[in-house]
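Data block below; observations after.
Nothing in this text is a laboratory measurement; each read-out follows from the coordinates by a stated rule. Not measured: the values here are computed from a predicted model. Note that each Cβ is placed from the backbone with ideal geometry, even for glycine, and that neighbours are counted across all protein chains shown.
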Amino acid sequence: MRYIILLLALYCQSVLAATHFSQQALADFASKSTLNFSVVSNQLDQPMRFNAKITLDNNSEQALPAGISDWHIYFHLIRHIETVELEGVKIEHVQGDLHRISPTESFKGLAPHQQLNLPFSSAPWLVSYSDFMPRAFIVADQLQAEVFANTNTEDFSHFVKPLTEPQQLLRNFDEPDQVPIVNAASRFAYNTTLAPATLDIDVSTAIIPTPLSASFSRETIQLNSTWQLQFDSELAAEASYLQQQLIQLGVTLNTAKADANDTTPKLFLKLDKSLKLGAEGYQLSIKPAQINLHGKDRVGTFYAIQSLLSLAQHSENKLTLPVGKINDQPRASWRGMHYDMARNFHGKDVTMRLIDQMARYKLNKLHVHLTEDEGWRLQIPGLPELTDIGAKRCFDLTEQHCLLTQLGTGPNIDGTGNGYYSTTDFIDILRYAAERHIEVIPEIDLPGHARAAIVSMKARYNRLMAQGQREAAEQYLLSDAADTSSYLSVQNYNDNSANVCLPSTYAFVEKVLHELQDMYKQAGVRFSTYHMGGDEVAKGSWSGSPACQLLFSQSGNGINTVDDLKPYFVSKVAAITRQRGLALAGWEDGLMYDQQNTFDRSQFSNNNVIANAWDNIWEWGVADRAYRLANNGYQVVLSPGTHLYFDHPHEAHPDERGYYWATRFIGIDKVFGFMPDNLYANASTTRSGAPITDLAALLGRELPELHRPENILGIQGQVWSETIRTAEQLEQMIYPRLLALAERAWHKADWETTNNASKRKQDWQRFAARVGKVELHRLAKNNSSFYLPPPGATKTNNGWQLNTALPFLTIECSVNQGKNWHSCTSSNLQQSTLWLRSRHGNIVSRIVSIQG
């Protein structure tokens, strides 16, 4: 008997060793086998580390052969795994989020219906399903890669094991995680603290953003097609915009010239520079037979139009308007939204919708993050590789056809996140934005975050060198082949820093700026501000570059060490942009030596250098950078990660998408509560959720006061797209938080100066009621998706009590795990188990279950 077992074992081993894949066999293996991830614990003795596990179940009839063979499994994971060997395989980091599992000599094979478990450890924590990326795949024997079917989805439940236990859900700092995971009961309790005493709130005139002053009577008028539109000649574009918007509401105004005796009701658009208001200010007056929209400038008149449209209640081809008056102007000149389409590209249409919504809520700066390690998203004439290669991710280890796949794109060229704006697309976007008085600020991120550009220019170099064109090949090269620098960026790249010591790097900047200026010129739009990025340059960059050593050896240039290279780069780009008549913008850390010391402003020849101050983790001692930069002569846009990063989860729950490096979550009420003019008062908790009662005491030093407030230009929201692969996901992260951003960018509430909680709550209740009753409908009518908070619930003696964070949402119940839904009242529900969701029109929240 032992002899027979030994023979069978030897036979199975020989089968495993001899197995070779055909394309069909590989496809069968990937379609039937499953690759799953599970978090074991985030509560380790060593803070900020976690243990996790990869499980491969071979559910096919195809074995993985024993010993070294030519199969590899690739998977996307945002945390960096150090090379480890176990169970006869090696797990190693490839680049960025891409990792590889490969067999070693000791691999015993994986027969059909066997399981392979691979535990690993990394940092920091994994507490959200969206930390895991889809589309793991297997390659073998030069065959086409095949995606594991269970990972080829945006439904994480197919490949991530449930996160339910405290050791999975809570992070480990040097202190306990004090941010509890939200459940139905805690959500209900929190919603109760925000909710108004009654929903009988008249929000018909509570437009967003709140005007400087407004007064309305109970009287209303009807705006219909009997009205006549008259406008100053300078306002023809604004008049056309108004007509387009009214036509969508079923109303077309008459534009024929009227005689002096005409009694037709009239709507006037006028420029009035005598208005005692600042730039972009306006006055709106609504009377029974006359509506006046007077702007301090064209922009002000446009915003008067937006307020008029916000006041209009639509029914049966007529608009009802309240009789009254508004005097209004913005608190800040910079009211921005940053959109990262470089990590994952979402298309032109969603960009246009974003512009529409920004215009509606009086935001005026669209910061487009066009380039990243993971993608280059704008066609540049003369540099085809930037989009032929840099705009596409696939499985190509040579990177001569595409960038190496990242962020869950998978191996195929048609995977999620690929694409770019053609020059025609971008010109259309510029025109569309300009018609809505929005400045588009293009960011070409250098010298860090530049991998897509570096790889593309290497491919260009190889193409031209093959043609014997060395001089042309080297013209725009961003890397030095002899550079031996060793580093790893925050996003786990070891080759993403453009070489700032090469003249070709600045030739590249000049080329891209030239083409950008040409696109703006074709669009008929002024190009005013160029964003260089400049952030998160990995420590160790350029330390092994011969080109930099040569630069150091040149006497008299003041460039002596690697520490001098970042300000050297900024100085060069500042000079280039000054010559082209452009303001220069960058992220704050790209303008600083360290946490507290800014680059000497006087060394930059550009008169306008703008810093986005983003890294405000309070306990790290960097939140005062905004004031340091402003006091030292930089113009500053407040862009804090703790309040205005819309890629963070809406609430502390593993089902919520997004990163959580700055704070565990950012609800819309937290965005609403941001106080731009009272910066340090925004420090409420640390990352762990510990209360901050005295920020200076926490840091052990005094915080600098703001001495040059004129250098604070305004505020800006940010959305980064590492975890955002579709347009729907993008809009669910942006809206309706963008409305709260617009409120704070435009309007300074009376509770801000003193941080009065009672007044803030009253203001929030008005705002939330308006969002729930009016603005979500307007978003939906523009075909925008948006996030809905799931319901809260608590059990009482009389049954379940339900509520939502935003009023006027429908709460739906199911008793059969979501197979059937019906509207349910917010009280006296007696079922022991229910599934709940919020609804507004066709949009629903994620489903939550309750038991009791």
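The per residue volume of the convex hull around the alpha-carbon atoms of the stretch 390-504 is 156 Å³. Evaluating 6.51 cos²θ - 1.76 cosθ + 1.60 at θ = phi - 60° for every residue in the stretch 700-715, the Karplus couplings come out as x, 7, 6, 9, x, 7, 8, 9, 10, x, 5, 8, 8, 7, x, 10 Hz, glycine and proline recorded as x. Once you compute Rg and the Kirkwood Rh from C-alpha atoms, what is the Rg to Rh ratio for the stretch 667-722? On the Cα set of the stretch 667-722, Rg over Rh gives 1.00. Can you tell me how the stretch 628-693 classifies by the Cα gyration tensor, rounded, prolate or oblate, using a/c under 1.5 as the rounded cut? Cα axes put the stretch 628-693 in the prolate bin.
Ignoring aspartates and glutamates fewer than eight residues from Lys276 along the same chain, the ones with Cα atoms less than 13 angstrom from its Cα are Asp297, Asp328.
Computed over the alpha carbons of the stretch 487-556, Rg followed by Dmax gives 16.0, 46 Å.
Its residue count N fixes a reference of 2.2 N^0.38 Å for the chain, and the Cα radius of gyration divided by that reference is 1.02.
In the stretch 750-841, Rg over Rh equals 1.07, where Rg is the alpha-carbon radius of gyration and Rh the Kirkwood radius from pairwise Cα distances. Across all directions, the average projected area of the convex hull around the alpha carbons of the stretch 334-748 is 19.9 nm². Can you compute log10 of I(q)/I(0) for the stretch 680-770 with the Debye formula, treating each Cα as one identical point scatterer, at q = 0.19, 0.20, 0.23, 0.24 Å⁻¹? Cα-only, vacuum Debye calculation for the stretch 680-770: -1.24, -1.26, -1.26, -1.26.
Relative protection proxy for 329-336, 686-693, 446-453, from highest mean packing down: 446-453, 329-336, 686-693 (other beta-carbon atoms within 10 angstrom).
Computed 3J(HN,Hα) for the stretch 340-348, one whole-Hz value per residue from the Karplus formula 6.51 cos²θ - 1.76 cosθ + 1.60 where θ = phi - 60°, is 8, 9, 7, 4, 9, 8, 10, x, 6, glycine and proline marked x.
A compact globular protein would have a Cα radius of gyration near 2.2 N^0.38 Å; the ratio found for the stretch 676-832 is 1.35.
Rounded, prolate or oblate, given the Cα gyration tensor of the stretch 142-251, with a/c below 1.5 counting as rounded? Oblate shape, in that a/c is at least 1.5 and b/c is the bigger or equal ratio. Sorted into 10 angstrom bins from 0, the C-alpha pair distances of the stretch 213-328 split as 15, 48, 33, 3 percent.
Annotation: peptides 579-585, 638-644, 74-80, ranked by per-residue average of other Cβ atoms within 10 Å with the highest first, follow the order 638-644, 74-80, 579-585. With q set to 0.10, 0.13, 0.16 Å⁻¹, the log10 of I(q)/I(0) for the stretch 2-169, from the Debye formula over equal scatterers at the Cα positions, is -0.39, -0.64, -0.93.
Candidate cross-link partners of Lys362 among the lysines, defined by an alpha-carbon separation under 16 Å and a same-chain spacing of 8 or more, comprise Lys296, Lys748.
What does the charge count near Leu223 come to, summing +1 for each Lys or Arg and -1 for each Asp or Glu among other residues with Cβ under 12 Å from its Cβ? Counting the neighbours of Leu223, the net charge comes to +3.
Each Lys or Arg adds one and each Asp or Glu subtracts one; over the other residues with Cβ under 14 Å from the Cβ of Trp821, this totals +3.
Normalised by the number of residues in the chain, the mean separation of alpha-carbon contacts (under 8 Å, six or more apart) gives a relative contact order of 11 percent. Each of Tyr493, Tyr339, Tyr520 has some number of other Cβ atoms within 10 Å of its Cβ, and from fewest to most they run Tyr520, Tyr493, Tyr339.
Give me the lysines in straight-line cross-link reach of Lys53: C-alpha distance below 29 Å, same-chain residues under 8 apart excluded. Straight-line reach from Lys53, under 29 Å: Lys32, Lys90, Lys108, Lys161. Remark on Ile441: its backbone amide H falls under 5 Å from those of Leu366, His367, Val368, a criterion applied only to residues 5 or more positions apart or on other chains, H modelled at 1.01 Å from N.
In this structure, the amide hydrogen of Asn612, modeled 1.01 Å from its nitrogen in the peptide plane, lies closer than 5 angstrom to those of Gly586, Trp587, Glu588, Val637, counting only residues at least 5 positions away or on a different chain. Rounded to the nearest 5, the antiparallel percentage of DSSP beta bridges internal to the chain is 65%.
Sorted on the mean count of surrounding Cβ atoms within 10 Å across their residues, most packed first, peptides 617-629, 697-709, 392-404, 123-135 read 123-135, 617-629, 392-404, 697-709.
Karplus-based coupling profile of the stretch 477-490, in residue order and whole Hz: 5, 10, 9, 10, 4, 8, 6, 9, 4, 10, 7, 9, 6, 4, with θ = phi - 60° in 6.51 cos²θ - 1.76 cosθ + 1.60 and x standing for Gly or Pro.
Amide H contacts of Leu86 (H built 1.01 Å from N, in plane; Pro and chain starts excluded): Ile91 sit under 5 Å, all sequence-distant by 5 or more or on other chains. Cross-link check: pairs Lys348/Lys670; Lys266/Lys759; Lys270/Lys318; Lys759/Lys781; Lys270/Lys759 evaluated at a Cα-Cα cut-off of 28 Å; pairs beyond the cut-off: Lys348/Lys670; Lys266/Lys759; Lys759/Lys781; Lys270/Lys759.
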